[in-house]
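The values are calculated or read from the model by the stated rules, or taken from the named source; none is laboratory data. Since this is a predicted model, take the numbers as computed values, not measurements. Positions of Cβ are generated from backbone atoms using ideal geometry, with glycine treated the same way; all protein chains shown enter the neighbour counts. Remember, those area values only see protein heavy atoms, side chains included, never the ligands or the DNA or RNA. Shrake-Rupley method; radii C 1.70, N 1.55, O 1.52, S 1.80 Å.
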Amino acid sequence: MIDNDGSYLLSFNWKERQQAHGQTSDISHVADAARRWVEGSGLEDLAADHPFIKFSGLQLAYERGTAAEYQWAALLASVEEEDHIFRGLVLLASRDSVLNRFSPRLGHRFALSVDEYSDGILVAVFVRRPGRFVIFGDDDGVEFEGDAAQMVDYLVARLRDRVPR
């Protein structure tokens with residue numbers, strides 16, 4: 001909690017992640033929300049009694065233990081367009097029983113982490129050109145290059161022994 005010129009900014013954290021936040025000027029609401037959070041109240045119950053508390057779908061998924069599934073669904077929604085550069089790779093990876101247990105991230109590269117709580121990246125896949133993907137090695141050389149199906153096969157072989165859960 002931070003005092004902010006007559007109101008209080010609250011941050012609700014769990015497993016080193018911010019799960020919710022809020023702002024109110026009523027100190028009794030601050031005290032009740034903080035007490036209930038420490039006692040284990042869930043996000044939806046907490047927000048129902050204290051509407052100033054806000055959280056995202058991903059934060060709720062963390063609480064429910066479904067963050068990786070939520071991230072895959074969001075990733076699939078983001079590559080729906082036929083011409084998305086990572087579409088083929090993401091679709092194949094999401095359908096693979098080994099790869100879909102990892103936590104995915106997509107930006108300038110497609111990356112997998114061991115789980116939704118890890119900030120570390122196990123592998124990062126870049127686009128070489130449309131339809132061709134590459135993983136760079138430690139010495140900036142190419143570790144592996146191939147099309148989407150070849151990349152999925154390579155990732156499965158590389159990560160099979162590191163499957164979470």
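See the values below:
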quantity: When residues of segment 3-21 are limited to those that are in a loop (DSSP other than H, G, I, E, B) and more than 18 Å from Arg64 (Cβ to Cβ), the one most open to solvent (accessible area, probe 1.4 Å); calculated: Asp5
quantity: Segment 116-165: number of residues that are among the acidic types (Asp, Glu), surrounded by fewer than 13 Cβ atoms within 10 Å (Cβ to Cβ) and touching a Ser or Thr at 6+ places or on another chain (Cβ under 9 Å); calculated: 1
quantity: Tabulated pairs, segment 145-165, first closer than 10 Å to Phe133 by Cα, second aromatic (Phe, Trp, Tyr), C-beta under 8 angstrom, 6+ apart or interchain; calculated: Glu145/Phe133; Gly146/Phe133; Gly146/Tyr154; Asp147/Phe133; Ala148/Phe133; Met151/Phe133; Met151/Phe144
quantity: Looking only at segment 22-39, and only at residues there that are open to solvent by 60 Å² or more (accessible area, probe 1.4 Å) and assigned to a loop (DSSP other than H, G, I, E, B), the one that is nearest to Thr66 (Cα to Cα); calculated: Glu39
quantity: Subset tally (residues that are surrounded by fewer than 18 Cβ atoms within 10 Å (Cβ to Cβ) and either assigned to a helix (DSSP H, G or I) or within 17 Å of the chain's Cα centre (by Cα) (or both)) for segment 76-91; calculated: 5
quantity: Residue match in segment 52-72 (condition: assigned to a helix (DSSP H, G or I), out of contact with any Asp or Glu (no Cβ under 7 Å at 6 or more places or on another chain) and over 22 Å from Asp119 (Cα atoms)); calculated: no
quantity: Filtered residues of segment 104-119 (kept if without any contact (Cβ under 8 Å) to a residue 12 or more places away in the chain and touching a helix residue (DSSP H, G or I) at 6+ places or on another chain (Cβ under 6 Å)); calculated: none
quantity: Some residue of segment 88-96 being at negative phi, in contact with a helix residue (DSSP H, G or I) (Cβ under 8 Å, 6 or more places away or on another chain) and among the acidic types (Asp, Glu); calculated: yes
quantity: Selected residue [basic (Lys, Arg), free of Cβ contacts under 8 Å to residues at least 12 places away in the same chain and out of contact with any strand residue (DSSP E or B) (no Cβ under 8 Å at 6 or more places or on another chain)] from Arg87, Arg101; calculated: Arg87
